[in-house]
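Before any comments, here is the structure.
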Amino acid sequence: MRVLLVEDDDTLGQAVRDHVLASGHAVDWMQTAEDAALAATSVAYGLILLDLRLPDGSGLTILKDLRSANNPVPVIILTAHDQISDRIEGLNAGADDYLVKPFNLDELTARMLAVSRRYGGNSASVLHIGDLEIKISERNILSPQGEIILSGREWAVLECLLHRSGAIVSKAQIEEALYAFGSEIESNTVEVYISRLRKKLGHDRISTVRGVGYKVEDRT
């Protein structure tokens, strides 16, 4: 998915960005409230990691504006250990979860996946596509023949399809999940990853709706 990271601290921001990128997600990193607010209203993000205390304003204002506009994007707030009132106010304003700085990056990944599953209408940690068992939180796929290994980008495309609860997902939506601002988008990237997924999961698992997009078949 495509993630908006809002964090003004250079060291923490770079560590989080690199970790999320390594997990196969696209990341837009903003360090001011102004830039974050513009990005949040311009792109359909899969998730926002939001620091509440920014040099030019409050992340809480961004959160309140999103919810006032009926934007349901999942938001995880990032707070310092002594800002209990901020955490409470953030949750009351519509945040889905929070992490206290300093936090473990693997815990961040687990919380991101849990929140995105709930947002996608599926809180189950295990999904099935035919005879395939998919454990999203562990990034593990088992078939009757054994484990199937996916790359980070292949997982990003698969998660994009799975989180739409069986709906048709357009090429543009998949591209948004793969690329951050400033990234050069190659015209056949989505087709390449869909082809790779079909080879690994089975050609009948992902169908093409001509002129519209792609859809996961036989999901439970």
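The values are calculated or read from the model by the stated rules, or taken from the named source; none is laboratory data. Predicted, not measured: the structure shown is a model, and the values here were computed from it. Cβ: placed from backbone, ideal geometry, glycine included. Neighbour counts: every protein chain shown. Note: accessible area is taken over every heavy atom of the protein model, side chains too, but ligands, DNA and RNA are not part of it. Shrake-Rupley method; radii C 1.70, N 1.55, O 1.52, S 1.80 Å.
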(message) Of everything in the range 38-72, what is open to solvent by 40 Å² or more (accessible area, probe 1.4 Å), within 20 Å of residue 97 (Cα to Cα) and without any contact (Cβ under 8 Å) to a residue 60 or more places away in the chain? Give them in sequence order.
(response) 53, 58, 61, 64, 65, 67, 68, 69, 70, 71, 72
(request) Tell me which of these residue 172 doesn't satisfy, since it passes every other one: (1) surrounded by 14 or more Cβ atoms within 10 Å (Cβ to Cβ); (2) modelled with pLDDT under 90; (3) assigned to a helix (DSSP H, G or I). (result) (1)
(message) I need a count of the residues in the range 1-26 that are without any contact (Cβ under 8 Å) to a residue 40 or more places away in the chain and either touching a Cys at 6+ places or on another chain (Cβ under 8 Å) or open to solvent by less than 20 Å² (accessible area, probe 1.4 Å) (or both).
(response) 1
(message) So, in the range 73-86, how many residues would count as being open to solvent by 70 Å² or more (accessible area, probe 1.4 Å) and aliphatic (A, V, I, L, M)?
(response) 1
(request) Give the residues of the range 1-21 that are under 22 Å from residue 139 (Cα atoms), at pLDDT 90 or above and not in a strand (DSSP E or B), sorted by residue number. (result) 15, 16, 17, 18, 19, 20
(message) Just to verify a result, which residue in the range 22-54, among those that are assigned to a loop (DSSP other than H, G, I, E, B) and more than 17 Å from residue 160 (Cα to Cα), is modelled with the lowest pLDDT?
(response) 52
(request) Could you tell me whether any residue of the range 105-125 is part of a strand (DSSP E or B) and either among the charged types (D, E, K, R) or crowded, with 18+ Cβ neighbours inside 10 Å (or both)? (result) no
